[in-house]
1. Kindly provide the set of residues from the stretch A:6-50 that are more than 18 Å from A:S87 (Cβ to Cβ) and surrounded by fewer than 16 Cβ atoms within 10 Å (Cβ to Cβ), ordered by number.
2. Of all residues in the stretch A:53-75, count the ones that are more than 14 Å from chain B (Cβ to nearest Cβ) and either without any contact (Cβ under 8 Å) to a residue 40 or more places away in the chain or in contact with a Ser or Thr (Cβ under 7 Å, 6 or more places away or on another chain) (or both).
3. Among (1) outside any strand (DSSP E or B); (2) away from every other protein chain (no Cβ under 14 Å); (3) within 13 Å of the chain's Cα centre (by Cα), which single condition is B:G54 missing?
4. Tell me, yes or no, whether the stretch B:13-28 has at least one residue that is assigned to a loop (DSSP other than H, G, I, E, B), away from chain A (no Cβ under 12 Å) and in contact with a strand residue (DSSP E or B) (Cβ under 7 Å, 6 or more places away or on another chain).
5. Which of the residues spanning the stretch B:61-81 are without any contact (Cβ under 8 Å) to a residue 60 or more places away in the chain and not in a strand (DSSP E or B)?
6. Among the residues of the stretch B:72-89, which ones are touching a Cys at 6+ places or on another chain (Cβ under 9 Å) and either open to solvent by 20 Å² or more (accessible area, probe 1.4 Å) or small (G, A, S) (or both)?
7. Look through the stretch A:59-79, keep the residues that are among the small types (G, A, S) and over 12 Å from the mean Cα position of the chain (by Cα), and return whichever of them is most open to solvent (accessible area, probe 1.4 Å).
8. Can you give me the number of residues within the stretch A:1-10 that are more than 10 Å from chain B (Cβ to nearest Cβ), assigned to a loop (DSSP other than H, G, I, E, B) and in contact (Cβ under 8 Å) with a residue 40 or more places away in the chain?
Amino acid sequence: NAGVTQTPKFRILKIGQSMTLQCTQDMNHNYMYWYRQDPGMGLKLIYYSVGAGITDKGEVPNGYNVSRSTTEDFPLRLELAAPSQTSVYFCASRRTVDSGNTIYFGEGSWLTVV
Amino acid sequence: ILNVEQSPQSLHVQEGDSTNFTCSFPSSNFYALHWYRWETAKSPEALFVMTLNGDEKKKGRISATLNTKEGYSYLYIKGSQPEDSATYLCALMNYGGSQGNLIFGKGTKLSVKP
């Protein structure tokens, strides 16, 4: 059972480059999330989606874009990479938002912008 | 902006010691509190989802309590082992937030020395 799969695991980008972090889940979850984790900080929500075709901004969306063309996939795009986007990125999914439901995370993507 | 506080920030204990951490959160509009265990380079792993005031949950040597009226949760580890070394994250889900989003604390990093 794969769960939530993120790629790539590690990437070094130059300032101004673009890239897409891929995320896919095989649990048929409606809700998907992208978080970033900076040193000494809690996970911050970048974007989320409540189902295919629907996305919305989280707490720190600037510099990112997402799409949700299928239930399984929720890619995160960085258009013009900046050093401030150096972080660990986590994709996550959840079946419903009922209080008892946990969120399942991918293993993280370590991104460095130089 | 909701704030979830965790203390201590880091903790070093000897194998066999019992330990506990605190998660504090605003008690208004409480919906659920999640605890996760995160080892670097792995997915954060759900430990507990707690919803009711007075909840106590246990998983092996790890247990947690919840007080929604005063806005805190404790995580206890009995007889710490080196494999317990990880960052422990708590996260609040409240009514009215982004769909199913969790507000994370900064985590407590536990190191257990053999």
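1. A:D26, A:M27, A:N28
2. 11
3. In the conditions (1) outside any strand (DSSP E or B); (2) away from every other protein chain (no Cβ under 14 Å); (3) within 13 Å of the chain's Cα centre (by Cα), B:G54 misses (3) alone.
4. Scanning the stretch B:13-28 turns up at least one residue that is assigned to a loop (DSSP other than H, G, I, E, B), away from chain A (no Cβ under 12 Å) and in contact with a strand residue (DSSP E or B) (Cβ under 7 Å, 6 or more places away or on another chain).
5. B:R61, B:T68, B:K69, B:E70, B:G71
6. Residues satisfying the conditions are B:Y72, B:S73, B:Y74.
7. A:S69
8. Qualifying residue count, the stretch A:1-10: 1.
The values are calculated or read from the model by the stated rules, or taken from the named source; none is laboratory data. None of these values were measured; they are calculated from a predicted model. Glycine gets a Cβ as well: all are built from the backbone with ideal geometry, and neighbour counts include every protein chain shown. All accessible areas refer to the heavy atoms of the entire protein, side chains included, with ligands and DNA or RNA removed. Shrake-Rupley method; radii C 1.70, N 1.55, O 1.52, S 1.80 Å.
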